[in-house]
1. Please specify each residue of region 87-110 satisfying the condition of being more than 17 Å from A4 (Cα to Cα), in contact (Cβ under 8 Å) with a residue 40 or more places away in the chain and either in contact with a strand residue (DSSP E or B) (Cβ under 8 Å, 6 or more places away or on another chain) or not in a helix (DSSP H, G or I) (or both).
2. Considering only region 69-84, state which residues are under 15 Å from the mean Cα position of the chain (by Cα) and either outside any helix (DSSP H, G or I) or more than 19 Å from A4 (Cβ to Cβ) (or both).
3. If we scan region 117-140, do we find a residue that is in a strand (DSSP E or B) and either under 19 Å from Y30 (Cβ atoms) or at pLDDT below 80 (or both)?
4. Just checking, how many residues over region 80-98 are open to solvent by less than 60 Å² (accessible area, probe 1.4 Å) and under 18 Å from K45 (Cβ atoms)?
5. Go through region 29-43 and report how many residues are in a loop (DSSP other than H, G, I, E, B), of a type outside the set (F, W, Y) and open to solvent by 10 Å² or more (accessible area, probe 1.4 Å).
6. Please count how many residues of region 51-68 are open to solvent by less than 70 Å² (accessible area, probe 1.4 Å), more than 19 Å from T3 (Cβ to Cβ) and more than 14 Å from the chain's Cα centre (by Cα).
Amino acid sequence: KATAATAACGNFGGFRNDITDSTLNFSNVYALNPFDNHIILCKIKGSDLYKFLMDNQSHNYVYTEDGNFVSDKVYTLAIIDYVYFSYYFRTYRTSEYTDTLLEVRDLMIEDFRLRESFNVNKDYNNILISKIYEWVSCNDY
């Protein structure tokens, strides 16, 4: 089971390499994401989430379940620990959070494993950027 989050956040620097062929193995995925980042869950108002993104959009990304920010809605945010404990997120961090111990790399590997095929040229950007929200918010792998 994953987190059932309603929003997700990470940083662009978490992906360090390209996948250059259609052979997916642990070495490729590790080169792509060599960090042991894990998913933190916390509550955050839509207005704060939007402000965080606007202040940090050059190196962080945020996805919501419907692609919009509702100012007064409280989101369950799945955020990588690196960003959650960073200087940039300091004003939004609370003492109430849950460390899921789910590692981003493991979620990527599981997603790749469940795919019947993988076309690097066609699927690369969709998988590595837009699918991150799905990885940490879906109910089942």
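1. Result: Y92, R93, T94, E96.
2. If the condition is that a residue be under 15 Å from the mean Cα position of the chain (by Cα) and either outside any helix (DSSP H, G or I) or more than 19 Å from A4 (Cβ to Cβ) (or both), then Y75, T76, L77, A78, I79, I80, Y82, V83 are the ones that fit.
3. Checked region 117-140: no residue is in a strand (DSSP E or B) and either under 19 Å from Y30 (Cβ atoms) or at pLDDT below 80 (or both).
4. Count: 4.
5. Adding up the residues that qualify gives 3.
6. Total meeting the criteria: 1.
The values are calculated or read from the model by the stated rules, or taken from the named source; none is laboratory data. A quick note: this is a predicted structure, and the numbers were derived from the prediction, not measured. Positions of Cβ are backbone-derived with ideal geometry, glycine not excepted, and every protein chain shown enters the neighbour counts. What goes into the accessible areas is simple: the full protein's heavy atoms, side chains included, and nothing from ligands, DNA or RNA. Shrake-Rupley method; radii C 1.70, N 1.55, O 1.52, S 1.80 Å.
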